Amino acid sequence: MPTGLFYHPDCLKHDMGFGHPERPERLTAVMEYLNERKVFDNSNITLETPSAITIPELERVHPKEYIDLVHTASDRESRFDSDTRASKGSWNAALLAAGSGIKAWQDIKARNLDNAFALVRPPGHHANAEMARGFCLFNNISLLARHITATISDSKVLILDIDAHHGNGTQEIHYTESRILYLGFHQDGRTLYPGYSGYIEEVGEGPGKGYNINLPLPPGTTDSSFLQGLNVLLPQIAEQFKPTAILVSAGYDAHFRDYLTGLQFSATAFLKASKLIVEVAQKHCKGQVVMFLEGGYDLQALAESVYNTLVGLSGKGKPVDENPPDEDPRIGKYLGKLLSEMKKDLKPWWKISL
């Protein structure tokens, strides 16, 4: 079965304003590059159309008052904060972005697709239940996670977030839940937005204690240290958690050419990460993976990295081969100490071998 790429041109109509980094060209650059590479000329990767989410589905995460606020803000072209606004096209774009994951999941469950990537905007992982922020209106990945746990008894969802910015909205939504586990890799919040969250001591509360895991990476981290952490944590946590699905907030602003962050990943890192995700998912949840576009603002880096991700998801195609900058050796040593500290902190819930 193929990998499905979910895309709708109406997502281009969400307009954050002149000069904003979260711009329609992000999607057009990716689509142009994928067409240049002829990825849709065979049956390995298919172009799919998302469906708009319904209001009852939105209400699994967002209260009706907030949903109405987003709708009104789109009609009035209002601003939520200094970074986040709505335009006339934002409401429909947001419904399609939020609905893309549910449509992808339905197609995977119907065995029409192996896995899927939602190439949509606006992104979602900074939005919490009642607040738009960080370029995000609805939390796309949380909506799919709640859809799965609401419709499949005893299901469990592992959310992996590899955007350079911490997925603070996703963490807040699921912080007291045990059926949805959040695992985040991001730049240390002391050096990047949102700043107040994403630290290793944030492990969840109440029933969710132990089901929130963060690995904050120092600026300058390259492929080797990122992949070291991912290869340690993802397979071992998945082995013990046994998810029904793995959902991924796929941000590409960690690329070394991206101008908003200090991480230094290459496109090859995203290829290797997606291969590992598929391998873990095949072992534990029938390969059921849905990935959502989050950040990524250098257009060339974004296009090449998304392409490499699709190569990893589908197992087909010639990837972009790229080397990251040299990594300061102190970063690897720091990461080793951080993983040792996490192993100790997570011991009540998870066994971690280093």
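The values are calculated or read from the model by the stated rules, or taken from the named source; none is laboratory data. Everything numeric here is computed off the predicted structure, so don't read it as measured data. A quick note on method: Cβ atoms are made from the backbone with ideal geometry, for glycine too, and the neighbour counts reach across all protein chains shown.
For residues in the stretch 192-222 being touching a Pro at 6+ places or on another chain (Cβ under 8 Å) and among the β-branched types (Val, Ile, Thr), which is surrounded by the fewest Cβ atoms within 10 Å (Cβ to Cβ)?
Ile200
Any idea which residue in the stretch 1-22 is modelled with the lowest pLDDT, counting only those that are more than 29 Å from Ser314 (Cβ to Cβ) and hydrophobic (A, V, I, L, M, F, W, C)?
Phe18
Search the stretch 263-273 for residues being farther than 19 Å from Thr3 by Cβ and touching a residue at least 60 places away in the same chain (Cβ under 8 Å), and hand back the single one that is surrounded by the fewest Cβ atoms within 10 Å (Cβ to Cβ).
Gln264
Residue by residue, here is whether (1) assigned to a loop (DSSP other than H, G, I, E, B); (2) surrounded by fewer than 18 Cβ atoms within 10 Å (Cβ to Cβ) holds:
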| site | (1), (2) |
| --- | --- |
| Thr309 | no, no |
| Leu313 | no, no |
| Asp321 | yes, yes |
| Asp326 | yes, yes |
| Ile331 | no, no |
| Gly336 | no, yes |
| Glu341 | no, yes |
| Lys344 | no, yes |
| Lys351 | yes, yes |
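Of the residues Gly296, Gly317, only one is part of a loop (DSSP other than H, G, I, E, B), closer than 22 Å to Phe6 by Cβ and in contact with a Gly (Cβ under 9 Å, 6 or more places away or on another chain); which?
Testing whether each residue is part of a loop (DSSP other than H, G, I, E, B), closer than 22 Å to Phe6 by Cβ and in contact with a Gly (Cβ under 9 Å, 6 or more places away or on another chain) leaves just Gly296.
Using beta carbons and a limit of 9 Å, which pairs, at least six apart or on different chains, have the first residue in the stretch 274-285 and touching a residue at least 24 places away in the same chain (Cβ under 8 Å) and the second one among the acidic types (Asp, Glu)?
Val278/Asp114; Val280/Glu239; Lys283/Glu239; His284/Glu239
Does the stretch 70-79 contain at least one residue that is in contact with a strand residue (DSSP E or B) (Cβ under 7 Å, 6 or more places away or on another chain), surrounded by fewer than 19 Cβ atoms within 10 Å (Cβ to Cβ), within 23 Å of Leu260 (Cβ to Cβ) and free of Cβ contacts under 8 Å to residues at least 40 places away in the same chain?
Within the stretch 70-79, one or more residues are in contact with a strand residue (DSSP E or B) (Cβ under 7 Å, 6 or more places away or on another chain), surrounded by fewer than 19 Cβ atoms within 10 Å (Cβ to Cβ), within 23 Å of Leu260 (Cβ to Cβ) and free of Cβ contacts under 8 Å to residues at least 40 places away in the same chain.
When you check Ala94 against the structure, is it under 18 Å from Leu5 (Cβ atoms), in contact with a Phe, Trp or Tyr (Cβ under 9 Å, 6 or more places away or on another chain) and either among the aromatic types (Phe, Trp, Tyr) or crowded, with 22+ Cβ neighbours inside 10 Å (or both), yes or no?
Against the criterion (under 18 Å from Leu5 (Cβ atoms), in contact with a Phe, Trp or Tyr (Cβ under 9 Å, 6 or more places away or on another chain) and either among the aromatic types (Phe, Trp, Tyr) or crowded, with 22+ Cβ neighbours inside 10 Å (or both)), Ala94 does not qualify.
Applying the selection to the stretch 228-249, what residues are among the β-branched types (Val, Ile, Thr) and either over 18 Å from the mean Cα position of the chain (by Cα) or not in a helix (DSSP H, G or I) (or both)?
Val232, Thr244, Ile246, Val248 - these are the residues of the stretch 228-249 that are among the β-branched types (Val, Ile, Thr) and either over 18 Å from the mean Cα position of the chain (by Cα) or not in a helix (DSSP H, G or I) (or both).
Give the residue, chosen from Ser314, Ser340, that is among the hydroxyl-bearing types (Ser, Thr, Tyr), closer than 30 Å to Gly99 by Cα and modelled with pLDDT of 95 or more.
Ser314
If you go through the stretch 288-300 one residue at a time, do you hit one that is over 16 Å from the mean Cα position of the chain (by Cα), among the aromatic types (Phe, Trp, Tyr) and surrounded by fewer than 24 Cβ atoms within 10 Å (Cβ to Cβ)?
no
Show me the helices (runs of 4 or more DSSP H) entirely contained within the stretch 82-194 in which 3 or more residues are farther than 28 Å from Leu346 by Cβ.
Because the criterion is at least 3 residues that are farther than 28 Å from Leu346 by Cβ, the helices (runs of 4 or more DSSP H) in the stretch 82-194 that meet it are 90-109.
Give the number of residues within the stretch 14-31 that are in contact (Cβ under 8 Å) with a residue 24 or more places away in the chain, surrounded by fewer than 16 Cβ atoms within 10 Å (Cβ to Cβ) and in contact with a helix residue (DSSP H, G or I) (Cβ under 9 Å, 6 or more places away or on another chain).
1
Output the residues belonging to the stretch 268-296 that are touching a Phe, Trp or Tyr at 6+ places or on another chain (Cβ under 7 Å) and farther than 20 Å from Ile141 by Cα.
Correct list: Ala269 only.
For Ser87, are the conditions met, namely being within 23 Å of Tyr297 (Cα to Cα), surrounded by 13 or more Cβ atoms within 10 Å (Cβ to Cβ) and small (Gly, Ala, Ser)?
yes
Using the structure shown, decide if Asp258 is at pLDDT 95 or above and either hydrophobic (A, V, I, L, M, F, W, C) or more than 15 Å from the chain's Cα centre (by Cα) (or both).
When the stated conditions are applied, Asp258 passes them.
Going by what's in this entry, would Asp10 be described as touching a Lys or Arg at 6+ places or on another chain (Cβ under 6 Å), over 27 Å from Thr149 (Cβ atoms) and not aromatic (Phe, Trp, Tyr)?
In short, no.
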